[in-house]
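Some notes on the structure that comes next.
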Amino acid sequence: MPKKSENLLKVYSRLKRGPVNIEILKKWIKTNGLSISERTIYRYLHDLENIELPDEKLIVTEGEKNKKTWKIEYDESTTKLNEFDLHSYLLFKNLMPLPLVKSREATFDRIENLFYKNYSKSNFEDFSIFAEQQISNTYFYELLSMDDYQKTLNDAIWCIQNKREIELLDVEYDYTSIPKSIHYPLVFLPLHILYHRGVIHLSGYMKESGNLMIIALNQIKEYHLTNIMFDNKKLLEKLENEMQSRFGITGNMNNEIYDIEIEFSEYTGEFIKHHFWHHSQNITQQENGNYIMKLRCGINRELVGWVFQWMSNAKVLKPNTLKELVVKKHHDIIESYKTDDPIVSNNSFLPNELVDRI
C-alpha cells in the first residue's frame with residue numbers, strides 16, 4: 001500500500017475514535033511516530049470530507065476564533081455491542097472512583113436505560129444485575145466528601161476545554177506540598193484533570209509566578225470562572241516535562257534530579273515489579289533473591305512516604321540525601337513515642353523547612 005494511502009487510513013481510523021481538532025491530530029501523529037506535516041493533515045481531512053462513505057460522513061464545525069473540529073457522524077448505528085463490550089462498561093462503572101460514581105448516578109441511569117432499549121436482546125439486564133451483586137470496589141483511600149464536587153469538576157473541564165483562566169479564591173488544606181507562601185486569590189491556568197491515589201486533581205500553572213500547581217478538586221472551596229483565554233500549547237509541554245521529574249505528583253524538594261536506588265526484600269520486590277511507579281523505573285532481582293529498583297527523578301514527600309509504606313522491607317541505598325531524609329523521619333517517629341506530647345502537624349518531609357519550590 002502506498003505511504004499516502006496508509007497514512008490516510010490511519011488518520012481516518014483516528015477520526016472514528018472521536019472528534020478531533022488540528023492540535024489533537026498533531027499530538028496523535030507525534031505520539032505514534034508518524035511523518036505527516038500539518039499541511040498534509042489538512043489535505044487528508046479535505047479528501048475525507050469529499051469521500052462518500054456508507055452510513056457515515058465527516059462533518060466540520062467551527063468554534064471560537066474559527067477553530068475547526070472534525071468528527072464522523074453516522075446515519076444510524078450499525079455496530080452492535082457484544083457481551084464483552086457490556087461487561088467493559090459495567091466494570092468501568094463499578095470500579096471507577098467513588099466521587100464520580102456518586103456525582104453522576106443520573107447519567108449512569110440514562111446510559112443503562114439506553115443500553116436496555118437498544119440492546120434488550122443482548123440480556124443487558126442480566127449483566128447489570130450480575131455487576132451490582134458481584135463486582136465491587138472497596139473505595140479504600142478514596143474521597144468521602146462530595147459537596148459541590150460535580151459542579152467543580154464540570155467547571156474545571158469547561159475551563160480546560162475552552163482555555164479559560166480560573167481565579168482561585170479559597171483553598172483548604174494540602175495534598176501536594178503547596179508552599180504556605182502561596183496566597184489567595186490567585187489566577188490559575190488549568191491544563192489537566194489528574195486522578196491519583198483516590199483523588200481527582202486539577203493541574204496547571206499559576207499565572208503570576210509561572211509555577212506548577214496540582215490541587216485536589218475538593219480543596220477548592222471558592223473560585224471564579226473567567227472568560228479570559230490563555231495559550232496552552234507551551235504550557236502542556238512544560239507540564240509533561242515537569243511531571244516526568246516527580247515521583248507521583250507532589251512538588252520536589254528542589255530542582256535536582258537524582259539517581260535513586262532502593263533495595264526490597266524478595267517477596268515485597270516481587271510485588272513491586274508488577275506495578276507502575278515511575279516512567280524511569282528499572283527493577284532487577286539480585287543473587288540473594290532481593291530486588292533493586294532504580295529511578296531517576298526528584299525527591300519529594302510522596303517518595304519518602306512511599307518508602308515508609310514498605311516498612312522494614314525497603315532500604316534506600318542512594319542517594320545519601322534520600323537516605324538521610326528517611327533515617328531522620330524514622331528518628332522523629334521514634335521520638336514522638338517517647339513522650340505524651342501531642343503530635344504537631346507537619347505538611348512537609350523536611351520539618352520546618354518548607355521550601356517554596358513548586
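The values are calculated or read from the model by the stated rules, or taken from the named source; none is laboratory data. Bear in mind that the values here come from a model prediction, so they are computed numbers and not experimental data. Note that we place each Cβ from the backbone using ideal geometry, even for glycine, and neighbour counts take in every protein chain shown. The area values use the complete protein model at the heavy-atom level, side chains included, leaving out ligands, DNA and RNA. Shrake-Rupley method; radii C 1.70, N 1.55, O 1.52, S 1.80 Å.
Where residues in region 148-189 are touching a residue at least 60 places away in the same chain (Cβ under 8 Å) and among the basic types (K, R), which of them is most open to solvent (accessible area, probe 1.4 Å)?
Checking each candidate, the answer is K180.
Which of the residues that make up region 306-321 are surrounded by 15 or more Cβ atoms within 10 Å (Cβ to Cβ), under 28 Å from the mean Cα position of the chain (by Cα) and either of a type in the set (F, W, Y) or assigned to a helix (DSSP H, G or I) (or both)?
Answer for region 306-321, where residues must be surrounded by 15 or more Cβ atoms within 10 Å (Cβ to Cβ), under 28 Å from the mean Cα position of the chain (by Cα) and either of a type in the set (F, W, Y) or assigned to a helix (DSSP H, G or I) (or both): W306, V307, W310.
Across region 281-293, what is the total count of residues that are surrounded by fewer than 16 Cβ atoms within 10 Å (Cβ to Cβ) and part of a loop (DSSP other than H, G, I, E, B)?
So the count comes out to 4.
Of everything in region 10-35, what is assigned to a loop (DSSP other than H, G, I, E, B) and closer than 23 Å to E62 by Cα? Give them in sequence order.
K16, R17, G18, P19, N21
Select from region 231-253 the residues that are open to solvent by less than 50 Å² (accessible area, probe 1.4 Å), part of a helix (DSSP H, G or I) and either in contact with a Phe, Trp or Tyr (Cβ under 9 Å, 6 or more places away or on another chain) or more than 30 Å from G204 (Cα to Cα) (or both) and list them in ascending order.
Across region 231-253, the qualifying residues are L235, L239.
Hey, can you tell me all the residues within region 36-49 that are loosely packed, with under 13 Cβ neighbours inside 10 Å and part of a helix (DSSP H, G or I)?
The answer is E38, R39, H46, E49.
Residues to consider are G198, G210; find the one that is within 16 Å of the chain's Cα centre (by Cα) and either of a type outside the set (D, E, K, R) or over 25 Å from L100 (Cα atoms) (or both).
Exactly one residue qualifies, and that residue is G198.
Residue-wise test of (1) open to solvent by less than 30 Å² (accessible area, probe 1.4 Å); (2) at pLDDT below 95; (3) in a helix (DSSP H, G or I).
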{"residue": "N255", "(1), (2), (3)": "no, yes, no"}
{"residue": "E270", "(1), (2), (3)": "no, no, yes"}
{"residue": "H279", "(1), (2), (3)": "no, no, no"}
{"residue": "H331", "(1), (2), (3)": "no, yes, yes"}
{"residue": "K338", "(1), (2), (3)": "no, yes, no"}
{"residue": "I343", "(1), (2), (3)": "no, yes, no"}
